[in-house]
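Q: Following this message is one structure expressed as structure tokens.
The values are calculated or read from the model by the stated rules, or taken from the named source; none is laboratory data. What you see is a predicted model; the values in this text were computed from it and never measured. Cβ atoms come from the backbone with ideal geometry, glycine included; neighbour counts cover every protein chain shown.
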Amino acid sequence: MPSPVPPSTHKPQRPPRRRGLVSTVILGAVAVHVAGLLVAAAVVVARFFSEPAATFEVTRQYRIPVQSREHRMAMARHEALAPKPAFTDRMVSTRPTAFALPEMPVLDLDQILPLDPSSFVSNQVASLAGSAGLGSGLAAGGLGSGGTGDSGLSFLGIKTEGSRILLLFDVSASVLNKAQATGMPLTRIKEETLKLIAQLPLNARYSIIQFVRNYKPFADQLVAATPPNRERAARWMETEWNETGMLGARQRGVRTASPNGLPIVLDFAFSLKPDTLFLISDGSFEQTAPGDANRSIPQEEIQAQIKRLQQAAGTEIPIHFIGFQMKEAHRDFWRRTAQRSGGKFRELR
């Protein structure tokens, strides 16, 4: 009897055809994705090289019409070729302006040639002398009294180059007595003042203020150094000069405030916008405060006020001090004050 055949231990193998199908599907999917990426990249790159679609836009054009030349400009060019006219009339404003021109000074026609009106380019028309309007004597370095030379001015031994000069005279009794004792009486002070005014060029301005506790100005502003103003200053010093050592508030032309004294004088002086100040005194200043109390003005107050006024002026204004028989404390203070401002100090004993 034949023996039975034992069962086989090997498992049936998967057909190779099915495995190849799976591989084909995967490779096909990868190929499709790669092809899609290539096509998308080609489309994106093609956009950069393709010409943009034609568009039609209408832009608005702005044209400025050609302006015709004004007749006034042509006339101005024509008049520029004509000789400069002689200036014989006063300058008159035909409409209100933000500033006011001073009256034209009276000129000595024997010393000045016909002037060019175009030279009056200044808000302080005080001089009508230019390089083409000088009389004889220019070659000598100036015209002397009333000229336009700039050789420096001198007052009581102090030289200055200023062109807007203001003189402050302390005419109290003590100052007048000390000036008399030092050999500088009031008559000589007047002579020196008039001598300084006579040396001023036509383009300079000046004024005078005499004060004790109240003050009396020569003018409300700095005046031009013209012959009529020089004569006016001489008459004012002869008729209006105080020789009593006091300035009453009710006297003609006297101004006051409360408290009075040097502070109100300095406030008014700096309001005239000078570029040089001469202060003639003995260095001792008093005032009448509210309640009729007399007191000496502390030096600290004067120093603080001068500092404030100098700062408001925008530039350091030289203060030249001329003193008579001063006390040591006053001498030291005013010497420092003058030097600090760029001025000079001189004492007469």
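Q: Examine the stretch 217-235 for a residue that is among the small types (G, A, S) and within 30 Å of P298 (Cα to Cα), and state whether such a residue exists.
A: Start the filter on the stretch 217-235 by keeping residues that are among the small types (G, A, S), which leaves 219, 224-225, 233-234.
When the remaining residues are screened for being within 30 Å of P298 (Cα to Cα), the result is 219.
The answer is yes; a qualifying residue exists.
This table checks each residue for (1) charged (D, E, K, R); (2) surrounded by 21 or more Cβ atoms within 10 Å (Cβ to Cβ); (3) at negative phi; (4) free of Cβ contacts under 8 Å to residues at least 40 places away in the same chain.
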residue	(1), (2), (3), (4)
I158	no, no, yes, no
S163	no, yes, yes, no
V175	no, yes, yes, no
P185	no, no, yes, yes
L200	no, yes, yes, no
I208	no, yes, yes, no
Y215	no, yes, yes, no
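Q: Can I ask one more? With respect to R349, is the statement that it is without any contact (Cβ under 8 Å) to a residue 12 or more places away in the chain, surrounded by fewer than 16 Cβ atoms within 10 Å (Cβ to Cβ) and of a type in the set (K, R) true?
A: No; evaluated as a whole, the condition is false for this residue.
Q: Go through the stretch 217-236 and give me each residue that's in a loop (DSSP other than H, G, I, E, B), surrounded by fewer than 20 Cβ atoms within 10 Å (Cβ to Cβ) and touching a residue at least 24 places away in the same chain (Cβ under 8 Å).
A: Of everything in the stretch 217-236, just one residue is in a loop (DSSP other than H, G, I, E, B), surrounded by fewer than 20 Cβ atoms within 10 Å (Cβ to Cβ) and touching a residue at least 24 places away in the same chain (Cβ under 8 Å), namely Q221.
Q: Would you point out which residue out of T239, T276, T244 is farther than 28 Å from P298 by Cα and not aromatic (F, W, Y)?
A: Answer to the check: T239.
Q: Checking Q210 against (1) within 30 Å of R295 (Cβ to Cβ); (2) in a loop (DSSP other than H, G, I, E, B), only one condition comes out false. Which one?
A: Here Q210 clears every test but (2).
Q: Moving on. Would you check which residues across the stretch 51-70 are modelled with pLDDT of 65 or more and of a type in the set (K, R) and list them?
A: Listed by number, the residues that qualify are R60, R63.
Q: Against the definition (surrounded by fewer than 16 Cβ atoms within 10 Å (Cβ to Cβ), modelled with pLDDT of 90 or more and among the polar types (S, T, N, Q)), how does Q310 come out, yes or no?
A: Values: surrounded by fewer than 16 Cβ atoms within 10 Å (Cβ to Cβ): no; modelled with pLDDT of 90 or more: yes; among the polar types (S, T, N, Q): yes.
No, not satisfied.
Q: So is I280 in contact with an Asp or Glu (Cβ under 7 Å, 6 or more places away or on another chain) and among the β-branched types (V, I, T) or not?
A: Yes; evaluated as a whole, the condition is true for this residue.
Residues are listed down the side, and each one gets a yes or a no for (1) surrounded by fewer than 19 Cβ atoms within 10 Å (Cβ to Cβ); (2) of a type in the set (S, T, Y):
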{"position": "T239", "(1), (2)": "yes, yes"}
{"position": "R252", "(1), (2)": "yes, no"}
{"position": "R255", "(1), (2)": "yes, no"}
{"position": "N260", "(1), (2)": "no, no"}
{"position": "V265", "(1), (2)": "no, no"}
{"position": "L272", "(1), (2)": "yes, no"}
{"position": "T276", "(1), (2)": "no, yes"}
{"position": "S284", "(1), (2)": "yes, yes"}
{"position": "T288", "(1), (2)": "yes, yes"}
